[in-house]
1. Run down B:111, B:12, B:81, B:5 and say which single residue is of a type in the set (Gly, Ala, Ser) and under 26 Å from residue A:103 (Cβ atoms).
2. Quick check on my filter: what residues within the range A:1-19 are farther than 18 Å from residue A:49 by Cα, in a helix (DSSP H, G or I) and not aliphatic (A, V, I, L, M)?
3. In the set B:79, B:12, B:43, which member is more than 12 Å from every other protein chain (Cβ to nearest Cβ) and out of contact with any strand residue (DSSP E or B) (no Cβ under 9 Å at 6 or more places or on another chain)?
4. Looking only at the range B:1-33, which residues are touching a residue at least 12 places away in the same chain (Cβ under 8 Å) and more than 9 Å from DNA strand D (Cβ to nearest atom)?
5. Based on what the data block shows, is residue B:329 assigned to a loop (DSSP other than H, G, I, E, B) and either touching a strand residue (DSSP E or B) at 6+ places or on another chain (Cβ under 9 Å) or of a type in the set (Asp, Glu) (or both)?
6. Just the residues that are in a helix (DSSP H, G or I) and either of a type outside the set (Gly, Ala, Ser) or near DNA strand C (Cβ under 7 Å from one of its atoms) (or both), please, taken from the range A:20-33.
7. What are the residues in the range B:13-29 that are of a type in the set (D, E, K, R) and at pLDDT 90 or above, if any?
8. Return the residues of the range B:275-291 that are at the interface with chain A (Cβ under 10 Å from one of its Cβ atoms) and either open to solvent by 20 Å² or more (accessible area, probe 1.4 Å) or over 23 Å from residue B:177 (Cα atoms) (or both); say none if nothing qualifies.
2 protein chains.
Amino acid sequence: MATIGAVAKQAGVSIASVSRVINGTAARADTERRVRAAIQDLGYQPNSAARALKVRQSEQICLSFDDLSNPAYVLMTRGVGQALSSSKYRLILSSAFSSVEEIVKHLETMGRGFADGLIISPIYADARITTLISQLKMPVVLVGTMPEGLDVDNVYVNSAAGVDLAIDHLIEIGRKRIALINGPVTTNPGRRRKAAFEKALKKNKLAFSDASIIQADAFSTQAGFEAVTNIKELKKFDAIICANDQLAAGVMKFCVDNEIDIPSDIALIGIDNIELASLLRPTLTSVDLRAEERGQIAANLMLNRLANPDRPSKQIEVQPRLVIRQSTVAS
Amino acid sequence: MATIGAVAKQAGVSIASVSRVINGTAARADTERRVRAAIQDLGYQPNSAARALKVRQSEQICLSFDDLSNPAYVLMTRGVGQALSSSKYRLILSSAFSSVEEIVKHLETMGRGFADGLIISPIYADARITTLISQLKMPVVLVGTMPEGLDVDNVYVNSAAGVDLAIDHLIEIGRKRIALINGPVTTNPGRRRKAAFEKALKKNKLAFSDASIIQADAFSTQAGFEAVTNIKELKKFDAIICANDQLAAGVMKFCVDNEIDIPSDIALIGIDNIELASLLRPTLTSVDLRAEERGQIAANLMLNRLANPDRPSKQIEVQPRLVIRQSTVAS
DNA sequence: CCTCAAACTGTAATCGTTTACAGTTGATGG
DNA sequence: CCATCAACTGTAAACGATTACAGTTTGAGG
């Protein structure tokens, strides 16, 4: 591999001059021409490790979240990737963490300087994670609910508003006995959705009991399917909100199998509005939490912060939007 | 940030000794203890750029493909990520290339040494890409059909066998007028599926004309939907194979809208067997191309090659498998 | 033609590691 | 107690870039 020294020799100038033409500092036309020719000739590419060592920047941004099987995170990743693609930064991906310990281990590794910034969307609320993030010497953008006592750039969706949208819509179409199929409450989204759901029911003076919340083991289709196996229980409700679209897909499958009609017997609403929602039969009404947009915003916050390290931290709220389809309003 | 020098001073040894205990070379028990204590004390983390510069390894592997919107690539990414997670290598992701030029630009950038290896799954067959790959100084694993004149590690799926599986199954259930809804033939998968389809029809002495292949603009649901707008044309067939599951989802949507029954009027088979296939109504028979597994294999080939740079290149063929669901056999 | 400032260029130090080589220590056996 | 050798340790030179600083060139203006 050609080094900057080889280029300098070939062009008959000093390595400083080569460095300067590469980095766009002033150079005489003649010098620049010769250097560029030499670069061409030798197929020279600046070594990124050497550069990173000297300027203390890796030109890499790390994106961390729990699992790529969730399409909402895929959307987020796309948003981040897209926003980064027009910058000089590369995207490095850390996902598929199966435990808090793994996340912690990963965060500890951040001190090695292989990334200039961290965009993280932690699904588990754990004090260790919060502490580590706050100790990080690098810019952090947090996607999701901000834990207490952290002051970093943040983009989050007003998910209570999302639940409100869903419930208002259900009330509008005359439903009163509403259940929530929730994901694990050990997770941030699980906790928040539960709280928002209870609050919204109370606000609207609707019946609420512990039975109104059915816990699924995970945010997956399978888990949704398994959460509602008790038909009699299920028939007590005339509407169901699911904590995400995949849970809703599982519930829908169960309903189809058991000849419970959607929406006439039970109306069904998902959350996330992933592509799946428009492909199910009936198509699924869903609260769009704008994951891709959040990813974009997060990446832009990061780029902005990197360009401007001392600005105060920003918190950006994204508004959800309800996409009404056949699972609540037959077409 | 603490450097190795600070650790050495704190421990009262030379930096060489610190480096050695970090990298596991022999050291006296006493030395090791003191160094470890100092590392703890100072929260020292070795700087990855400095290390990369010295040892000429970045401990990063780059995964490149066209677009993360395709769930098959998400699966592949998961497979790669999983295989890499137990290694020392980090995953860096390059996707969302909109043109061959962008891929070329990206490949040219590889010389900077920010990655130790490249796993690439190019959707477009372009001579420039092939040339650049063959000139790369780093290990490459190619996922997909190997272009002429390239000799690198490779994992590919026997997609002709996949089409055969589909056609055999259709014949078995008595279908004879079979169409292919294909993706763009400017892509590798598009080309291969077309060829495999024609060959399989001939082999089975089934009717084939140019009309048997309907071209969609993309590998998306929308494109599938739009490809079949001519009902009369469509009704000439009693079975349709789609080049991927999303195309099939689009076709299915069209059929439902137009009261064409699946499978009695038309049997439908997708390719890829993404999660969607089991969630559609009717559920979609699909040829599983084992994307996640290919990702894993690719990553393992890479790790193996990195550990063993001089071994001859390996080509691994993955066998597809047919997953029969309601879109061909009513339940 | 000379002066002077502006514009450019080169020398050399530096970033934080790894590692060859030479030097030191400690244990073992005679 | 000394010689010998293995095992460990320290010194210093890389790795390939950037950049402060000092030196050189250039061109304009008098």
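1. Answer to the check: B:81.
2. A:9, A:10, A:17
3. Of B:79, B:12, B:43, the one residue that is more than 12 Å from every other protein chain (Cβ to nearest Cβ) and out of contact with any strand residue (DSSP E or B) (no Cβ under 9 Å at 6 or more places or on another chain) is B:12.
4. B:1, B:2, B:3, B:4, B:6, B:7, B:10, B:22
5. Judged against the criteria, residue B:329 is a match.
6. Passing the criteria: A:20, A:21, A:22, A:30, A:31, A:32, A:33.
7. B:20
8. Once the filter is applied, which keeps residues that are at the interface with chain A (Cβ under 10 Å from one of its Cβ atoms) and either open to solvent by 20 Å² or more (accessible area, probe 1.4 Å) or over 23 Å from residue B:177 (Cα atoms) (or both), the range B:275-291 yields B:275, B:276, B:278, B:279, B:280, B:281, B:282.
The values are calculated or read from the model by the stated rules, or taken from the named source; none is laboratory data. All figures in this text were calculated on a predicted structure; none of them were measured in a lab. Don't worry about glycine lacking a Cβ; one is built from the backbone with ideal geometry, like all the others, and counts go over all protein chains shown. SASA here: full protein model, heavy atoms, side chains in, ligands and nucleic acids out. Shrake-Rupley method; radii C 1.70, N 1.55, O 1.52, S 1.80 Å.
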